[in-house]
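Reading through the structure tokens given below for one structure.
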Amino acid sequence: MSVTITLKPILNEAALVVENEHKTLVIADLHLGIEAEFRQKGINIGSQTEKLLERALTCVKVAEPDVIILLGDVKHAVPQISFVDRKEVPFFLAELAAYAPIYVIKGNHDGYINKLLPDLRESEQKHEISIKSAQGFLFDHVGYIHGHSWPSPELFAAPYILIGHNHPRIRLVSSSSPYRILKPVWIRAHFDYDAVKMRYPEVKMSDRNAPRVIIMPAFNELCGGVAFNAANKELLGPIASKLLRLESMEVYLLDGTYIGKVGDLEEKLSV
């Protein structure tokens with residue numbers, strides 16, 4: 001069966017619209033409550049949940065999705081549920097669920113997130129929220145996984161696999177000053193066939209049927225991230241670090257600008 005899938009990043013946002021039989025809005029790495037970690041380090045930052053929600057709802061209004069997928073790390077506190085989590089996570093999810101059904105894929109920060117789901121029975125206009133395994137799932141012929149766990153073999157049947165977890169960035173070096181700037185980016189990647197075959201001998205993969213991998217930038221701008229063109233980079237999770245071809249990864253800024261391949265960019269970019 002032939003399927004036609006389009007992937008459209010929302011301009012200047014870390015959000016993606018996937019269109020096939022359904023229109024799906026995808027957001028990764030919200031890290032709600034990360035401000036508490038900053039406060040513990042002496043940096044006083046107020047709650048960013050309202051701002052994140054406003055941005056997310058703007059994306060919803062632009063995309064008009066049938067489904068919303070949150071690609072892991074909805075909350076930040078690990079491993080416990082913080083006081084902030086109990087208040088802000090259900091609030092955020094309930095507001096989004098007013099527009100479309102939500103699938104939440106468990107990230108490494110999402111322990112006990114099933115205990116933070118809002119009670120939607122009070123309003124017939126709100127949609128269901130479903131929790132999906134850290135090994136990912138297929139929806140509308142596309143694979144979705146946070147990226148900190150080995151993927152389920154079924155994901156390799158999809159033309160595309162979307163992951164988060166790394167918060168990809170590119171380090172830009174200014175020719176006129178000693179400062180370096182980190183910019184969030186999209187990464188398009190290809191699988192290393194030999195690495196996949198070694199881990200998943202049952203998966204048959206070639207240039208013709210291999211899924212393309214999209215590594216999504218973090219929606220929360222306060223998150224750190226991996227500078228993919230840094231000489232000492234360490235990619236996170238088994239997919240990015242063990243199954244992908246690093247040098248051929250393609251890099252795009254959030255405004256859609258194609259920067260080049262990671263293998264050609266190490267510490268060479270300037271602004």
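Taking helices (runs of 4 or more DSSP H) that do not extend beyond region 10-103, which have at least 2 residues that are hydroxyl-bearing (Ser, Thr, Tyr)?
It comes to 49-63.
Scanning for something out of contact with any Phe, Trp or Tyr (no Cβ under 6 Å at 6 or more places or on another chain), in a loop (DSSP other than H, G, I, E, B), open to solvent by less than 30 Å² (accessible area, probe 1.4 Å) and farther than 24 Å from Ala15 by Cα, does region 134-145 turn up at least one residue?
The answer is no; no qualifying residue exists.
Can you work out which of the residues in region 236-262 that are assigned to a loop (DSSP other than H, G, I, E, B) and within 21 Å of Ala210 (Cα to Cα) is least open to solvent (accessible area, probe 1.4 Å)?
Looking at the filtered set, the residue picked out is Met249.
Would you mind stating whether Ile214 is surrounded by 14 or more Cβ atoms within 10 Å (Cβ to Cβ), closer than 21 Å to Leu155 by Cβ, in contact with a Gly (Cβ under 6 Å, 6 or more places away or on another chain) and of a type outside the set (S, T, N, Q)?
Answer is no for this residue.
Using beta carbons and a limit of 9 Å, which pairs, at least six apart or on different chains, have the first residue in region 217-230 and open to solvent by less than 10 Å² (accessible area, probe 1.4 Å) and the second one β-branched (Val, Ile, Thr) and assigned to a loop (DSSP other than H, G, I, E, B)?
From region 217-230, the pairs are Asn220/Ile34; Cys223/Ile34.
Within region 63-103, which residues are β-branched (Val, Ile, Thr), at pLDDT 90 or above and over 17 Å from the mean Cα position of the chain (by Cα)?
Val89
Given the conditions (1) modelled with pLDDT under 95; (2) open to solvent by less than 30 Å² (accessible area, probe 1.4 Å); (3) farther than 17 Å from Asp73 by Cβ; (4) in a loop (DSSP other than H, G, I, E, B), which single one is not true for Ile170?
It is condition (4) that Ile170 fails.
Collect the residues in region 196-219 that are closer than 25 Å to Leu16 by Cβ and not in a loop (DSSP other than H, G, I, E, B), keeping them in residue-number order.
Hits for region 196-219 are Val196, Arg212, Val213, Ile214, Ile215.
Considering only region 58-72, state which residues are open to solvent by less than 40 Å² (accessible area, probe 1.4 Å), farther than 17 Å from Glu128 by Cα and out of contact with any Lys or Arg (no Cβ under 7 Å at 6 or more places or on another chain).
Cys59
The values are calculated or read from the model by the stated rules, or taken from the named source; none is laboratory data. Predicted, not measured: the structure shown is a model, and the values here were computed from it. No Cβ is skipped: glycine too gets one built from the backbone with ideal geometry, and neighbour counts run over all protein chains shown. Note: accessible area is taken over every heavy atom of the protein model, side chains too, but ligands, DNA and RNA are not part of it. Shrake-Rupley method; radii C 1.70, N 1.55, O 1.52, S 1.80 Å.
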